[in-house]
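In what follows, a structure is listed as structure tokens, so that the remarks can point back to it.
Since every read-out is calculated from the coordinates, none of them should be taken as a lab result. Bear in mind the structure is a predicted one, so any value in this text is a computation, not a measurement. Quick reminder, even Gly has a Cβ in these numbers, built from the backbone with ideal geometry, and neighbours come from all protein chains shown.
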Amino acid sequence: MSRRSALKAVGMGAAALAVGAGPAAGPATATGGTTPDDLRTALGGKVLFPGDADYDAERAAFNTLIQQSPNAIVVAETPQDVATAVRIGAGGLGWPIAVQATGHGICVPADGALLINMRKMNGVSVDTAARTARISGGAKWADVLAVAAPAGLLPPVGSTSDVGATGYATGGGVPVLGRTYGFASDRVRSIDLVTPDGRLRHLTPARERDLFWAVRGGGSNFGAVTAFEIDLLPNATVYGGGLVFPAAAAAQAFKAYVAWTATVSERMTSVASFIRQPTSQVLRIETVYVGSATDGAAELAPLRALHPVADTVTDVPVAQLDGIFNVPARPSAGLVEGGLIGALDPAGTDLVLDTLGFGNTLPSGVAEVRQLGGAFARPPAVPSAIGNRDADFLLFLSNPVPQPSQEQAVAQAQRGVLDALAPVLTGGTVPTFLGTLDTTVEEVRAAYTDSDWCRLLRLKHVYDPANLFRVNHNIR
């Protein structure tokens, strides 16, 4: 049963849910005489068991709704630590393997699993001549920006640099410059991966090609990524910021926004956000333009003509990119959902407004409509498992859950939004934007095309037939 199904059925909270369905769910019988003590023998103080001093801190997820109780935690410092942990935990003990860096993307608690925490593996090196970065498995995009920005280079980061780079890039990743440069996964050059057999493999377009295809979209379903190499973008500054419209002007501004997206160049990436807070309701249109302020202002002029009550769009050094979106970076409890929207004609635009607009009573939070198209729509030079590239917009819902007792109500409200918008939704999504509760086969499958899903299943059977890497949006 998925977390969503459990919530629907009995209002069950996240803390009561076990590792996602799969072969031998929960701890399995050790094989060949392996015991949990073998982890500590091999890895020493890097291994934590329940009751150890740092166990609670290392199991904590960014989303505090996820309360997980792994059998053990390995705080890895090297790729060899990861390989040893997988070899003993999966191969010897038969435990499922969970991978965590920042904990932003956790959707299934690692109960009964071996949790590999990579937060200490956060090294980044930049080749300025080649315009590439080598990123360790536990690094945040903030770690990458700290090295790349002084060189006038920008990683394909999203609306916050607080998230882990690896999970973002292997789930597709929707960069703030995405209409110009495409998905983050399109820019990945190589991947170092520990597969369920404990082998450390180097994946490139020419080496381990099946896995290189699958991990760019299939994420942690095929193993633990210990490092990857990615292109950096030649941008020292962008022309970006936000235009804010009060609730009374939101309908007019959103209609104008949808019409405007059909006219702008691929140098412009944008998102319209309906923001509900206890004391205010506003529509905020955030834009990022690759090019001069003069050219960016010319493209933005139709929206500025609507007289926003606030306008922060200006030249922004890439090191300060987070300031455009101001995404909270403190752990909190919340649910997210998403889906892809096809072309919006006037009737479709009205439906979005009727559903997301401020005439409705929806929970506090943010409902985003992100423009796609441009480079998002083009297949990458090296194929990957990121499909569903024909949508015009991405819908993203993010709502806080102040009390665990409110989780079911928030989940139902999000489902109500998706049901109401069904006429304009394509039925697909991007793996990065699978919802917190989207853990059934049908829900995960929506992130892939039919042909890609069949290929992913075949490769999962080859590389992880016991589905030991299942503490995720699972391909099973």
> So which trypsin sites (Lys or Arg not before Pro) in the stretch 180-251 are both in a DSSP loop and have at most 14 other Cβ atoms within 10 Å of their Cβ?
Replying inline: R199, R207
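Evaluate Rg over Rh across the stretch 237-437, taking Cα atoms for both radii and Kirkwood's formula for Rh.
0.95
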>> If you fit an axis through the alpha-carbon atoms of helix 293-304 and take the longest principal axis of the Cα set of the chain, what angle between them do you get, 0 to 90°, nearest 10?
In response: 70 degrees
> Got the relative contact order for the stretch 51-210 handy, in percent, Cα pairs under 8 Å and 6 or more residues apart?
Replying inline: 19 percent
>> Quick check for me: using +1 on Lys/Arg Cβ and -1 on Asp/Glu Cβ, what's the dipole size of the chain about its Cα centre, in debye to the nearest 20?
In response: 500 debye
> Taking only C-alpha pairs under 8 Å that are 6+ residues apart, what is the relative contact order of the stretch 237-437 in percent?
Replying inline: 27 percent
> When DSSP assigns beta bridges and you keep just the ones with both residues in the stretch 90-185, what percent turn out antiparallel, to the nearest 5?
Replying inline: 55 percent
> How high is the relative contact order of the chain, in percent, counting Cα pairs under 8 Å that sit 6 or more residues apart?
Replying inline: 18 percent
> Using Cα atoms only, what is the angle between the long axis of helix 250-261 and the major principal axis of the chain, expressed in degrees (0 to 90) to the nearest 10?
Replying inline: 80 degrees
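How large is the helix-only mean residue ellipticity at 222 nm for the chain, computed as the sum of -39500 (n - 2.57) over DSSP H runs with n ≥ 4, divided by its residue count, in deg cm²/dmol to the nearest 500?
-7500 deg cm²/dmol
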> Once the Cα atoms of helix 407-420 and of the chain are each reduced to a long axis, what angle between those two axes, in degrees from 0 to 90 to the nearest 10, is obtained?
Replying inline: 50 degrees
